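A short worksheet on the structure shown next.
None of the figures in this text is laboratory data; all of them are computed from the coordinates on show. What you see is a predicted model, and the numbers here were worked out from it, not measured in a lab. FYI the Cβ positions are ideal-geometry reconstructions off the backbone, even for glycines, and counts take in every protein chain you see.
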Ligand code: PLP
Ligand code: COI
């Protein structure tokens, strides 16, 4: 890259995009992460050369040498954010600079080069511009953006690679959980933990998710939608879910979420919810919540609502909790009032239907 952090993108439009009729059929019921747009962004990196060869091109398989470092040592990071259709036909992104900053922090933790935040955000603008017709118009729909980067160097020695590929793809999505916004159930994993102190829990790296899958599979076996991970040291305190942060709402209106100690992902939705709840006059606390207290407070009725939050989940009520010795309901299994109010407020900001005093929303088109 020459001069500043701005990259020039070469635009090579897909010569054979999906037809308008086929696209409309795909967008009628997109699900989550199953269909993709016509294009992708790629940027290469090599030690000594920096970032180069930035392109917007047809989405296509990526040729890879079997000795590419990522296939062996999993040096890979990713992000997830959404572009939204506004009522006036425009397009917004929610806090892309925050994802750019987290991507850089994840890169640092995984001994990877940091893509300049400006290039990260710019790459998403380019992708949205060229694939704008793929953004669902449905009020619950959005275009899920998945920027990621991996070690592409062909080398089997164990050290940070010196070549990387950054890619951004886009997927039109509806609700993450099938069935729309209804309370989900969670399984508290007795055996598996997600991240230990000093580990990679705060980084958004593929390895964290690989390590979570056996626990997620166990959750599904128990009829649950998501797994809850407890802390790896004492196995007492709630960390987060497989792909979402978690909040607790008490009868005195206090809103609590586990603190960022390095073992959980610093969710951008989490941070936004903390601010919105505080502005609504709630007492907000970032403090450890033990599973024992969760059970006890649910039984006494002191705990009124629990919800999951994240880009994919937005804000989703948790209605049922299962663990090896039993199960219990939250709020009778019904969605909580504050949960649904926060969900609506966040969605209204994201889609340009409400004022945006924090400057969270970027207008793309
Ligand atoms: N925790 C995990 C493990 C996640 O995968 C996600 C999703 O990105 C989150 C929390 C929520 O983060 P965000 O709100 O930035 O999407
Ligand atoms: C996201 O919310 O963006 C995630 O990465 C989590 C995953 C459940 C899709």
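As a proxy for reagent exposure, ranking 349, 62, 268 by other Cβ atoms within 10 Å from fewest up yields 62, 349, 268. Label reach from residue 132 (point 7 Å along Cα→C-beta): in segment 82-97, amide nitrogens under 17 Å belong to 83-94. Geometric descriptor of segment 184-349, per residue, is 102 Å³ (volume of the convex hull of the Cα atoms). Could you check which residue among 282, 204, 49 shows the biggest mean-square fluctuation in a GNM of the chain with a 10 Å Cα cutoff? Residue with maximal mean-square fluctuation among 282, 204, 49: 49.
Restricting the calculation to alpha carbons of the chain gives Rg and Dmax of 20.8, 62 angstrom.
Taking the number of other C-beta atoms within 10 Å as the exposure measure, put 41, 233 in order starting with the fewest.
So the residues, fewest neighbours to most, are 233, 41.
Helix 117-130 and the longest principal axis of the Cα set of the chain meet at an angle near 80°. Using the Cβ-Cβ distance between residue 108 and residue 278 with R0 set to 25 Å, the FRET efficiency from 1/(1 + (r/R0)^6) comes to roughly 0.30.
Would you compute, from DSSP H runs of 4+ residues alone, the mean residue ellipticity of the chain at 222 nm, taking -39500 (n - 2.57) per run and dividing by the full residue count, rounded to the nearest 500?
Calculated at 222 nm, the ellipticity per residue is -7500 deg cm²/dmol.
Rounded to two decimal places and with Rh computed the Kirkwood way over Cα pairs, what is Rg over Rh for segment 10-173? Radius of gyration over Kirkwood radius for segment 10-173 works out to 0.99. Residues 102, 59, 236 in ascending order of nearby Cβ atoms (within 10 Å, fewest first): 236, 59, 102.
For segment 170-242 versus segment 287-337, the inter-centroid distance based on Cα atoms is 15 Å. With N the number of residues in segment 276-332, Rg(Cα) / (2.2 N^0.38 Å) evaluates to 1.25.
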